[in-house]
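One structure is given below, encoded as structure tokens.
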Amino acid sequence: MYELYYWPMIQGRGEFVRLALEEAGADYADIARDKNGMEKMLAVMEEGPHPSFAPPFLRHGKKCIGQTATILLYLGDRHNLAPTSETGRLWTQQIQQTLADAVFEAHETHHPVGLGLYYEDQKPEARKRAQEFRKERIPKFLDWFETILTRNPGGTRYLVGKSLTYADLSLFQLVEGLDYAFPKATRRALKKTPKVAALRDAVAKRPRIAAYLASERRIPFNEDGIFRRYPEIDG
Ligand SMILES: N[C@@H](CCC(=O)N[C@@H](CS)C(=O)NCC(=O)O)C(=O)O
């Protein structure tokens with residue numbers, strides 16, 4: 001059984017891990033969402049030889065793995081959510097790291113000055129940062145995903161090869177988040193990136209993902225997470 005540790009009130013980066021666990025049909029506990037779970041998460045961060053800098057992290061037997069992309073590397077190999085060749089595994093991980101860059105930048109749109117400051121204390125900077133993100137970065141990221149879908153020798157359905165990987169699940173989540181936070185800019189960009197749009201729809205329809213999205217395990221987007229809907233930074 002896997003133990004996922006992540007902040008209980010948001011999708012955040014934990015969601016990329018949840019989606020992989022759900023698609024795999026894995027037996028897992030979302031520890032911090034249980035009673036006294038937050039205390040347990042903070043206690044686990046204080047122990048062991050491999051403490052994580054920040055959630056999410058995954059415990060499995062004696063292993064304790066942090067960093068979203070590294071957790072997905074581990075789960076991908078164990079649950080057929082990654083290719084088996086070295087080239088394929090590295091490429092999938094490269095895509096995941098690029099997704100992580102996009103997630104970081106999405107967070108910066110409401111926290112451009114400091115993570116420890118309130119959004120309300122950095123609103124003018126957030127407006128500027130979000131404008132650039134909407135106009136330049138959302139199209140640039142989505143174009144790149146469109147390009148790699150187009151160039152995938154295995155076909156345009158998946159990012160890597162002929163079957164689903166953890167990177168496809170994460171791209172679904174990135175697009176969902178961007179669409180929540182910046183609906184106008186994201187829909188504009190998706191019109192020019194139809195393969196990305198199709199992948200997002202296909203992931204949403206996968207039976208285990210669809211069941212998960214309809215369940216209470218899926219925390220709704222909210223203004224404490226990474227993707228926030230603030231009309232004043234949505235242009
Ligand atoms: N690069 C890490 C980032 C982890 C991260 O920033 N976690 C956030 C929540 S999404 C956090 O709890 N940060 C606390 C901190 O940085 O002090 C990953 O992808 O997992």
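Every number here is computed from the coordinates shown, using simple stated rules; none is lab data. This structure is a prediction, so every number in the text was calculated from the model and none was measured. So basically every Cβ, Gly included, is an ideal-geometry build from the backbone, and we count neighbours across all protein chains shown.
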Among the DSSP beta bridges whose two residues both lie in the chain, what percent are antiparallel, rounded to the nearest 5?
70 percent
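Sum -39500 (n - 2.57) across every DSSP H segment of at least 4 residues in the chain, then divide by the residue count to get the 222 nm mean residue ellipticity, nearest 500.
Value at 222 nm, helices only, nearest 500: -16000 deg cm²/dmol.
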Between P83, P49, P124, which gets the highest mean-square fluctuation from a Gaussian network model of the chain, Cα cutoff 10 Å?
P49
Once you've got the Cα coordinates, tell me which of K35/K205; K128/K195; K123/K191; K35/K62 are over 27 Å apart.
K35/K205; K128/K195; K123/K191
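If exposed means no more than 13 neighbouring beta carbons inside 10 Å and the site is in a DSSP loop, what's the longest run of the chain without any exposed chymotrypsin sites (Phe, Trp or Tyr not before Pro)? Intermediate values should be presented prior to the final figure.
Details: sites that count: F53, Y118.
Here the longest segment lacking exposed loop sites spans 119-235.
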Please list 3J(HN,Hα) in residue order for segment 134-140, calculated via the Karplus relation 6.51 cos²θ - 1.76 cosθ + 1.60 where θ = phi - 60°; whole Hz, with x for glycine and proline.
5, 7, 10, 7, 4, x, 5
Quick check on segment 1-95: of the DSSP beta bridges with both residues there, what percent are antiparallel, nearest 5%?
70 percent
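Any idea what the relative contact order of segment 98-151 is, in percent, if you count C-alpha pairs under 8 Å spaced at least 6 apart? Could the numbers behind the result be given before it?
Values: 28 pairs, mean separation 16.0, N = 54.
In percent, rounded to a whole number, it is 30.
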